[in-house]
Amino acid sequence: MNVAALREPRADTGVLAGTRTLLYKEVLRFWKVSFQTVAAPVLTAMLYLLIFGHVLEGRVKVFGTIGYTSFLVPGLVMMSVLQNAFANSSSSLIQSKITGNLVFLLVAPLSHWAWFVAYVGASVVRGAAVGAGVLLVTVWFAPLHVDNIVWIAFFTIAGAALMGALGLVAGLWAEKFDQIAAFQNFIIMPMTFLSGVFYSVKSLPPVWYEVSHLNPFFYIIDGFRHGFFGTSDVSPWTSFVVVLASLGVVCAVCLHLLRIGYKIRH
Amino acid sequence: MPAVSFVDVAKTYASPRGDVRALDHVTFDIAEGEFFGLLGPNGAGKTTLISILAGLARATAGSVSVLGHDVQSDYAAARRRLGVVPQELVFDPFFTVREALRIQSGYFGVHGNDAWIDELLANLGLADKAQANMRQLSGGMKRRVLVAQALVHRPPVIVLDEPTAGVDVELRQTLWQFVARLNREGHTVLLTTHYLEEAEALCGRIAMLKLGRVVALDRTSALLAGTASTMLRFKLDKPLPPQLAANARVTGRIVQITAHDAREVESILGVLHAAGCAPEDLEIGRADLEDVFLEIMRGETPARVAA
């Protein structure tokens with residue numbers, strides 16, 4: 001060892017220094033348990049498709065000539081993307097808080113931007129990995145048509161980022177695992193199930209049709225579906241604006257909480 | 001420029017029973033290259049002070065800086081110069097020892113750091129555990145990894161928050177040899193410990209905290225010299241005479257009483273004799289840091305804060 005080297009640590013010092021490592025760590029974390037974090041949600045989505053597809057094919061009318069099972073595939077893919085993106089950031093953060101190893105991040109010179117980019121980035125990677133997995137297994141059960149890959153990519157990334165940031169907010173706020181579970185079961189699950197994953201909102205009674213339009217998840221799924229079929233309940237541009245605005249709001253809240261060290265720096 | 005500077009640091013916590021003042025106008029500097037001890041009973045505010053230094057907590061008032069970099073306004077520069085060994089035995093169960101160290105290094109923006117990581121592993125007796133998962137390690141091994149993690153970005157200032165609590169004798173020796181070497185090579189070390197003999201052996205200067213205030217701050221040698229410097233130790237089967245009991249420390253049969261000079265020693269022995277007590281295994285020795293500590297915490301010695 002030499003003292004001169006100790007005094008001047010050679011290090012990246014930009015606002016995003018350390019982001020790459022934190023992103024890598026967050027991806028490695030879920031990848032090491034990918035049976036649970038990727039394979040399990042793919043299996044769940046496949047079961048939904050088998051059961052709902054079997055029971056409802058030919059009984060529910062969705063978009064014109066598109067079969068119900070084909071209609072269901074993009075909905076299930078996006079539902080898996082959203083739920084897993086949320087689960088990734090929220091469970092990672094709450095685990096680190098409860099086991100105390102968040103201290104390794106807290107003592108590091110990571111900016112709030114670094115935290116944000118890394119946690120949300122890992123959520124997008126997990127969401128996209130699970131989404132791709134679901135697509136890969138469900139494509140055998142229904143013909144798949146891709147109308148516009150750009151919409152598909154945009155709504156995947158924006159939807160996963162929105163949920164990753166929301167998961168980060170929930171992880172900062174929660175002090176116990178059951179608070180995360182409550183957030184997931186009482187907010188995220190109802191909002192995804194009621195967003196048109198399993199049906200076209202046009203089939204709903206007028207009141208619920210209107211209520212669905214207040215749910216940002218509806219626009220994520222509707223816009224995503226547009227990328228496959230070229231048809232949707234609302235214009236993809238409307239969905240684009242709503243999703244971008246929702247993403248902006250959630251990211252702003254998330255960045256603010258990270259900057260003030262909400263519930264992590266006392 | 002001081003390695004660490006605390007200026008008028010206050011910390012107030014809101015609690016259901018009203019505000020709790022954990023730190024009250026704490027001001028002192030630690031010079032570059034010092035081996036500095038921070039002592040105090042549980043609840044004195046040691047960990048709160050270290051938490052503020054490390055950025056885990058925020059001061060209600062005052063400022064803290066590391067080598068001139070404010071821990072709030074210039075936090076990234078301050079944290080790059082600081083290595084903290086936390087008190088709790090925490091670890092990330094997903095990773096191996098080497099992964100944990102590479103990741104921690106990367107958080108500080110230091111990449112391609114394996115030569116230094118290998119040196120840390122070798123020095124801390126972890127070389128054969130590099131590929132082991134953190135979960136498989138014993139408590140002592142996990143503690144060593146915490147030390148390695150704190151040093152992985154080569155910080156000039158090292159903070160050890162009770163690093164030897166619950167650690168076996170061998171690791172304590174390994175750890176102290178290594179930390180003493182780092183100190184000789186120019187690192188500044190800030191240590192909190194409950195083992196006063198460690199502080200006495202290692203620390204050149206010591207601050208004592210009590211109820212969030214600095215009640216003593218001086219060179220270790222001056223603290224030892226400035227208080228009652230003689231200690232009587234003996235074994236006794238009978239209760240102590242009441243006039244001695246107030247100032248004595250009794251552990252089972254062992255009694256310890258401090259005295260300022262030979263006359264006082266004589267008078268203590270006289271009182272014992274008059275009460276019909278026959279002390280066994282009588283020793284008269286120099287007071288150690290533990291005696292100074294207890295004396296200051298009891299408030300017998302006026303607070304001694306050297307400039």
Please give the number of the condition residue B:158 fails out of (1) modelled with pLDDT of 90 or more; (2) over 24 Å from residue A:12 (Cβ atoms).
(2)
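Which residues, taken from segment A:194-218, are assigned to a helix (DSSP H, G or I) and modelled with pLDDT of 85 or more?
A:206, A:207, A:208, A:209, A:210, A:211, A:212, A:216, A:217, A:218
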Given the conditions (1) under 18 Å from residue B:212 (Cβ atoms); (2) touching a residue at least 60 places away in the same chain (Cβ under 8 Å); (3) within 15 Å of the chain's Cα centre (by Cα), report the number of the one that residue B:35 does not fulfil.
(1)
State all residues of segment A:47-63 that are surrounded by fewer than 13 Cβ atoms within 10 Å (Cβ to Cβ) and either touching a Cys at 6+ places or on another chain (Cβ under 7 Å) or assigned to a helix (DSSP H, G or I) (or both); if no residue qualifies, say none.
A:47, A:51, A:54, A:55
Which listed residue is under 26 Å from residue B:291 (Cβ atoms) and more than 14 Å from every other protein chain (Cβ to nearest Cβ), from B:211, B:160, B:126:
B:211
What's the number of the condition residue A:68 fails, among (1) touching a helix residue (DSSP H, G or I) at 6+ places or on another chain (Cβ under 6 Å); (2) within 30 Å of residue B:88 (Cβ to Cβ)?
(2)
Condition broken by residue A:36, with the remaining ones in (1) within 14 Å of chain B (Cβ to nearest Cβ); (2) buried (at least 16 other Cβ atoms within 10 Å of the Cβ) satisfied
(2)
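Determine, yes or no, whether residue A:81 is buried (at least 22 other Cβ atoms within 10 Å of the Cβ), free of Cβ contacts under 8 Å to residues at least 12 places away in the same chain and of a type in the set (Val, Ile, Thr).
Working: buried (at least 22 other Cβ atoms within 10 Å of the Cβ): yes; free of Cβ contacts under 8 Å to residues at least 12 places away in the same chain: no; of a type in the set (Val, Ile, Thr): yes.
No; evaluated as a whole, the condition is false for this residue.
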Are any of the residues in segment A:163-176 surrounded by fewer than 18 Cβ atoms within 10 Å (Cβ to Cβ) and not charged (D, E, K, R)?
yes
Restricted to segment B:256-277, and to residues that are among the hydrophobic types (A, V, I, L, M, F, W, C) and closer than 11 Å to residue B:230 by Cβ, which residue is surrounded by the fewest Cβ atoms within 10 Å (Cβ to Cβ)?
B:262
Go through (1) closer than 26 Å to residue B:186 by Cα; (2) away from chain A (no Cβ under 12 Å); (3) in contact with a helix residue (DSSP H, G or I) (Cβ under 8 Å, 6 or more places away or on another chain); (4) not in a helix (DSSP H, G or I) and name the single condition residue B:131 misses.
(1)
Looking for something surrounded by fewer than 23 Cβ atoms within 10 Å (Cβ to Cβ) and hydroxyl-bearing (Ser, Thr, Tyr) - is there at least one such residue anywhere in segment B:193-207?
yes
Six or more apart or on different chains, Cβ under 7 Å: which pairs go from a residue in segment B:178-206 that's over 14 Å from residue B:289 (Cβ atoms) to one that's among the β-branched types (Val, Ile, Thr) and surrounded by fewer than 20 Cβ atoms within 10 Å (Cβ to Cβ)? Could you list them?
B:185/A:3; B:186/A:3
How many residues of segment B:118-158 are buried (at least 19 other Cβ atoms within 10 Å of the Cβ) and over 19 Å from residue B:90 (Cα atoms)? The answer is 5
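Just checking, which of A:65, A:13, A:19, A:99 is farther than 28 Å from residue B:114 by Cα and out of contact with any Asp or Glu (no Cβ under 6 Å at 6 or more places or on another chain)?
Only one candidate qualifies: A:65.
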In segment A:250-266, which residue that is loosely packed, with under 13 Cβ neighbours inside 10 Å and away from chain B (no Cβ under 14 Å) is farthest from the chain's Cα centre (by Cα)?
A:256
Please verify whether residue A:58 is over 30 Å from residue A:120 (Cβ atoms) and without any contact (Cβ under 8 Å) to a residue 60 or more places away in the chain, treating the condition exactly as stated.
yes
When segment B:253-267 is checked residue by residue, the ones that are within 15 Å of residue B:235 (Cβ to Cβ) and not in a strand (DSSP E or B) are B:253
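The values are calculated or read from the model by the stated rules, or taken from the named source; none is laboratory data. Since the structure is predicted, the reported quantities are computational estimates derived from the model, not experimental observations. Cβ coordinates were reconstructed from backbone atoms using ideal geometry, including for glycine residues, and neighbour counts include every protein chain displayed.
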